[in-house]
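One structure is given here, and the rest of the page talks about it.
The values are calculated or read from the model by the stated rules, or taken from the named source; none is laboratory data. Predicted model, so just to flag it, every value in this text is computed and none were measured. Neighbour counts run over all protein chains shown; Cβ positions are idealised from the backbone, glycine included. All accessible areas refer to the heavy atoms of the entire protein, side chains included, with ligands and DNA or RNA removed. Shrake-Rupley method; radii C 1.70, N 1.55, O 1.52, S 1.80 Å.
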There are 2 protein chains.
Amino acid sequence: MHNDKQIAVPKDELSSRALAALTAAGASTASAEAAVRAMMHASRVGVDSHGVRLTEHYCNMLGGGRLNRNPKLQVRRTAAASAMIDGNDGLGHYAAYAAVETGIEIARETGIAGVGVEHSSHLGAAGAYAVAGAEQGFITFATTNTDAMVTLFEGAQRFHGTNPLAFAAPVPDRRPWLLDMATSSIPMNRVLLHRSLESALPQGVAADAKGEPTTDPHKVEMLLPLGGEEYGYKGAGLAGVATLFSALLTGTTLDPDFIPMYGGDNIKYPRNMGHFVMVIDPGKFVGAPLFGLAIQSYLTALRGAQIRTDGRVMAPGDREWEEMDRRDREGVPIDPDTAKFLRF
Amino acid sequence: MHNDKQIAVPKDELSSRALAALTAAGASTASAEAAVRAMMHASRVGVDSHGVRLTEHYCNMLGGGRLNRNPKLQVRRTAAASAMIDGNDGLGHYAAYAAVETGIEIARETGIAGVGVEHSSHLGAAGAYAVAGAEQGFITFATTNTDAMVTLFEGAQRFHGTNPLAFAAPVPDRRPWLLDMATSSIPMNRVLLHRSLESALPQGVAADAKGEPTTDPHKVEMLLPLGGEEYGYKGAGLAGVATLFSALLTGTTLDPDFIPMYGGDNIKYPRNMGHFVMVIDPGKFVGAPLFGLAIQSYLTALRGAQIRTDGRVMAPGDREWEEMDRRDREGVPIDPDTAKFLRF
């Protein structure tokens, strides 16, 4: 999504301005800080679609009434290793980080914890929460369902969201192993980029209004699940896993039933979005020291694996952490609308 | 894999003969019954590669010493919601079903349970264990790592196994929602089938000795991860998730380090394979009745979704349960070698 119209700004200044904007829109300090933390994760690792560009959208939703400006989270411990958090319709990031912290607190004692979130809203990049757990030494899985955008295998309507599955694991003396993946091959904003560039899409990533695969970005009405035309039943099943944990297990909204995140006039009512976080303490399985050695051996083998001519083997997260280093050094690129909104 | 040389046999007779063969090879009744239960799940739902054809292989390994004929499982509760099971190098199915039962017992109290398995062996189809939990009312995730067969994204060597991720969830009055997927697009035996048929493979599923994608089944030396040439980093990451939970968390063997399942002379030594099972009680989240209604609504919406011309939308598991009904009615097809071994 890089282009000449972007400007690069220092991360700390970007973070302060996003926080100021959210608090000016009425968000409580705690919920605004959570949103900025998650957006900055995304912006720093290069997932601009889930980064600070969302500040303006969240401000609009805080103003419109969809988002509760001053949410009071309710954490209900439902059993020894499980909890439900009521997000009180605030910024989803606030509830999602609370789910990670609750999960860690529980898993320290029980070995594993499952935390469902209800009455929440858009949480940004699910990877932010998986990383938050891994940075404290816990294997963490975070997922959410989202607005319907992706067809079923051989389907002809938007059914699942791009439903992310995010896993992270601690690595001694390094940043976490991190897999934060949409269960579609590409996000919808990739289609928009191809439209603006007048370039064809890859095969098997998107479909027209009849569900027929197309590479013409102007004809795209829905995305195809990961696996494309032949193996998309796998991607569709994985999107269903996100819905299973995030919506069915928590009793929240199904992907096709969300009030649209964008567009539509309804910014008054909450969307009752659900999330799910699982936290595991390696100390209660093989033990933290042996787990540390095992993941180091694994990553050493992986990074030393034979590669294809012109290929490059990277562990999940390597690309993201490299981008973070680069952006921390050179500034975080933001688009013109976001620059204007944040007065850069 | 259907062909004219296959014969269809009644499931109960097939099951008895497989059990008789394993016990004749010295397997304890308990471990043999577990193996037959898992193999019959695979054979009935149509996953022949993991079905009763493995009986002969397991018998050889019981005879060779790789598999302990009379394993004594040790279940060690490591915390309130976590356990490790030592499979004592017996048939992996025995340890894996024990992991599900242990997980259920724990999750009934704690809401969620994580059970790692060490000193185990090949468990057949991971879906068998996910289904076992779902049939008792629990959302169940089961995974294992396996012999290296799949390259990394842009890699040029076998690194991960076809590492399955299996999820199942209870559905009121119906068989479970079931996703049992390899993290490669196809299994290696699909390549062998294409070799014998002299037919080209689909694009982006397999590679030659240099890791270059090929559709010529005779040139295939490794499989590509789900997502193919463009998005294979997602499939490779998911294969890593299986390794993370099954091997790194349990301290067992990494995919490239296994004594080969097939080939090689070494059938004396155990392979120390690991698995991981997670069990969730919906009763400790939204509640079992509301979960039941939610998954019914979801499946109704899914089955009623608009479809592509000539397409067919199915929920995960629908194809498998249809095949099970058909095979229960018409008999389970088995290949000539298996028919001979089981004296059909």
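With the charge dipole of region B:73-295 set up from +1 on Lys and Arg Cβ and -1 on Asp and Glu Cβ about the Cα centre, the Cα lying farthest toward the positive end among the listed residues B:131, B:204, B:152 is that of B:131.
Share of chain B's accessible area from carbon and sulfur, percent, 1.4 Å?
49 percent
Taking every DSSP beta bridge with both residues inside region B:56-166, roughly what % is antiparallel (nearest 5)? Beta bridges within region B:56-166, antiparallel portion: roughly 60 percent.
The gain in end-to-end length when the residue B:262 to residue B:192 segment is fully stretched comes to 23.7 nm, 0.36 nm per residue minus the alpha carbon separation.
Modelled spin labels at residue A:219 and residue A:325, positioned 7 Å past Cα toward Cβ, are 4.4 nm from each other.
Around residue A:261, with a cut-off of 9 angstrom between Cβ atoms, what is the net charge of the other residues, counting Lys and Arg +1 and Asp and Glu -1?
Residues near residue A:261 contribute 0 overall.
Every Cα-Cα pair in the protein assembly as shown was counted, and those over 44 Å apart are 18% of them. In a solvent-free Debye calculation with one equal scatterer on each Cα, what is log10 I(q)/I(0) for region A:115-185 at q = 0.12, 0.24 Å⁻¹, listed in the order of the q values? These q points yield log10 I(q)/I(0) values of -0.38, -0.99.
Burial of accessible area (probe 1.4 Å, heavy atoms of protein chains only) in region B:312-344, relative to its chain alone, reaches at least 30 Å² for B:312, B:313.
When a/c reaches 1.5 or more, the comparison of a/b and b/c decides; with that in mind, is region B:14-78 rounded, prolate or oblate per its Cα gyration tensor?
oblate
Compared with its chain on its own, region B:155-180 contains the following residues whose accessible area drops by 30 Å² or more in the full protein assembly (probe 1.4 Å; ligands, DNA and RNA excluded): B:156, B:157, B:159, B:167, B:177, B:179.
Once Rh for region B:198-259 is found with the Kirkwood sum over Cα pairs, what is the Stokes-Einstein diffusion coefficient at 37 °C and 0.692 mPa s, in µm²/s? Before the final figure, lay out the partial values.
Numbers: Rh = 12.8 Å.
Reported coefficient: 256 µm²/s.
With coordinates expressed along the principal axes, the C-alpha atoms belonging to chain B extend over 54, 52, 42 Å, beginning with the largest. The order of A:146, B:140 by accessible area, most exposed first and with a 1.4 Å probe, is A:146, B:140. Only Cα sites of region B:188-344 enter the Debye sum here, all with the same form factor; the resulting log10 I(q)/I(0) across q = 0.17 1/Å is -1.41, listed in q order.
The trypsin sites (Lys or Arg not before Pro) of region B:1-92 that meet both conditions, a loop assignment by DSSP and at most 14 other Cβ atoms within 10 Å of the site Cβ, are B:5, B:72. Simple spin-label estimate for residue B:309 and residue B:212 gives 3.8 nm between the two label positions (7 Å along the Cα-to-Cβ direction from each Cα). The chymotrypsin sites (Phe, Trp or Tyr not before Pro) of region B:231-266 that meet both conditions, a loop assignment by DSSP and at most 16 other Cβ atoms within 10 Å of the site Cβ, are B:262.
Where in region B:103-140 does the amide nitrogen come within less than 17 Å of the point 7 Å from the Cα of residue B:288, taken along Cα to Cβ? Label zone hits: B:103-113, B:132-140. Taking the DSSP bridge list for region A:73-295 and keeping only pairs wholly inside it, about 85 percent are antiparallel. Residue ranking by accessible heavy-atom surface, 1.4 Å probe, largest first, among A:101, A:135 comes out as A:135, A:101. Taking the alpha carbon gyration tensor of region A:150-212, multiplying each eigenvalue by 5 and rooting it gives semi-axes of 30, 16, 8 Å, largest first.
Annotation: per residue accessible area for chain B equals 38 Å², rounded to a whole number [probe 1.4 Å, protein chains only]. Loop-located trypsin sites (Lys or Arg not before Pro) across region A:247-334 with a Cβ neighbour count of 10 or fewer within 10 Å are A:268, with loop assigned by DSSP. Chain pair B, A: how much accessible area is buried, both chains summed, with a 1.4 Å probe, in Å² to 100? Approximately 6400 Å² gets buried when B meets A.
Using 0.36 nm per residue, how much length does the chain from residue A:7 to residue A:20 gain when fully extended, once their Cα-Cα distance is taken away?
Using 0.36 nm per residue and subtracting the Cα-Cα distance, I get 2.7 nm.
What does the charge count around residue A:109 come to, taking other residues whose C-beta lies under 15 Å from its C-beta (Lys +1, Arg +1, Asp -1, Glu -1)? Residues near residue A:109 contribute 0 overall.
Please give the net charge around residue A:16, taking every other residue with its beta carbon less than 12 angstrom from that of residue A:16, where Lys and Arg add +1 and Asp and Glu add -1.
Residues close to residue A:16 contribute a combined charge of 0.
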